[in-house]
1. Say we look at the range 1-53 and pick out the residues that are in a loop (DSSP other than H, G, I, E, B) and open to solvent by less than 40 Å² (accessible area, probe 1.4 Å); which of these is modelled with the lowest pLDDT?
2. Does residue 88 fit the bill of being over 14 Å from residue 6 (Cβ atoms), in a helix (DSSP H, G or I) and without any contact (Cβ under 8 Å) to a residue 40 or more places away in the chain?
3. From the set of residues in the range 77-90 that are surrounded by 15 or more Cβ atoms within 10 Å (Cβ to Cβ) and among the charged types (D, E, K, R), which is nearest to the chain's Cα centre (by Cα)?
4. Out of all the residues in the range 1-31, which are over 17 Å from residue 75 (Cβ atoms) and more than 11 Å from the chain's Cα centre (by Cα)?
5. From the residues in the range 62-76 that are touching a residue at least 24 places away in the same chain (Cβ under 8 Å) and more than 14 Å from residue 45 (Cα to Cα), which one is most open to solvent (accessible area, probe 1.4 Å)?
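The values are calculated or read from the model by the stated rules, or taken from the named source; none is laboratory data. Note that the structure is a prediction, hence the values are computed from the model and not measured. No Cβ is skipped: glycine too gets one built from the backbone with ideal geometry, and neighbour counts run over all protein chains shown. The area values use the complete protein model at the heavy-atom level, side chains included, leaving out ligands, DNA and RNA. Shrake-Rupley method; radii C 1.70, N 1.55, O 1.52, S 1.80 Å.
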Amino acid sequence: MKIVALCGVGIGTSAILKVNAERALERLDIEADVTAADIASVKLAAADAQVILTSSELVPSIGKTNADVIVIDNFFDLDELTSKLEIALG
């Protein structure tokens, strides 16, 4: 399974989201390859992804995708990440 942690520019925010998504997946005992990406590289990074994690303001920039797009309100909230990933992957 592949998951993309998406931010707007650069990789700072997506790196934080990636690390916390990996922690949430560990809580759920789910193995996945989590990749950090910015909006410029989302089409390539998400081409074979099952899930894209991002903020609400970036959703329109993602474009057409077969991945489930999950809006994360607080990238630091492990409980939010865990519950939303559990719903999407459960």
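1. 10
2. yes
3. Filtering first and then ranking leaves 84.
4. 1, 28, 29, 30, 31
5. Checking each candidate, the answer is 76.
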